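Trainee: Structure provided below as structure tokens; questions to follow.
Please treat every number below as a calculation from the coordinates, not as lab data. Keep in mind the model is a prediction, meaning the values are calculated, not measured. For neighbour counting, all protein chains shown are included, and Cβ atoms are generated from backbone atoms with ideal geometry for every residue, glycine included.
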Amino acid sequence: MTKQDRQKLSILIVLLGVLGVTVVFAYRMNEPQTTAAVQVPETKSASTPAAPAADSARIRLDLLEKSDAEAGTAKRNLFQYQQAPPPPPPAPPRGGPPPATFTSAAPPPAVTIPVARPPGPPPPPPITLKYTGFATTTTANGGYTAFIGDDARHYNVTVGEVLMGRFRIAAISDKSVEIEDLEYNRRQTLPLLK
């Protein structure tokens, strides 16, 4: 066997090894994933549960439900001010008649809490274009050509053109350009920048 044949044989062995590894990875990627499902045995709840064992860690939902139901915290909105409960009546002094209590005929004044109403729809965003200059045209209809731009682009427009599919040029003068925003159906006047 010549040196060239041995070199070809070693290349063939390396290529067969790469092919084998590729086939194994392709087989593993195409086989469906198996998941193991853990089934929890049903536990019967007793009215008085026994003390938990030292090695068991459980969440006692029965205590959570009972404490919420008794306290009424689930029905209370924590983010609104509540009126304080009335103070308890003073204890009568020992030895002697109880003090006389007076009640007024007028009910206590009602407390009204203003309800915050959601604001209306937000105003449309301002048109960010700038009117940087103009040129007069010598066509039959005359008029101006306005130079309008933003930070990235510049446009040469005349009256009636629609810019960026959204803004229509309504009027051009030597002092300002009136642009109509077709998306929000409003007009804005851009002054000439100096």
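Trainee: How big is the dipole moment of segment 130-191 about its Cα centre under a simple scheme where the beta carbon of each Lys and Arg is +1, that of each Asp and Glu is -1, and everything else is neutral? Debye, nearest 20, please.
Mentor: Values: 7 positive and 8 negative charges, 9 e Å.
The calculated dipole for segment 130-191 is roughly 40 debye.
Trainee: According to the square roots a ≥ b ≥ c of the eigenvalues of the Cα gyration tensor, what is the shape class of segment 130-191, taking rounded for a/c under 1.5, prolate for a/b larger than b/c otherwise, and oblate for the remainder? Write down the numbers at each step before the final one.
Mentor: Working: a/c = 1.69, a/b = 1.38, b/c = 1.22.
It comes out prolate by the Cα gyration axes.
Trainee: What's the local net charge at Ile127, with K and R +1, D and E -1, over the other residues with C-beta under 11 Å away?
Mentor: Numbers: positive: Lys130, Arg166, Arg186, Arg187; negative: Asp150, Glu178, Glu180, Asp181, Glu183.
Around Ile127, the charge tally is -1.
Trainee: Can I ask one more? Non-local amide H neighbours of Tyr155 (under 5 Å, H modeled in plane, Pro and chain starts lacking H): which ones?
Mentor: When sequence neighbours closer than 5 places are left aside, the close amide H contacts are Ile148, Gly149.
Trainee: Please list, ordered by chain and number, the residues whose modelled amide H lies under 5 Å from the amide H of Phe134; skip anything fewer than 5 residues away on the same chain.
Mentor: Under 5 Å from the amide H of Phe134 lie the amide H atoms of Phe147, each far enough along the sequence or on another chain.
Trainee: Give me, ordered by chain and number, the residues 5 or more places off Leu163 or on other chains with an amide H under 5 Å from its own placed amide H.
Mentor: Arg168, Ile169
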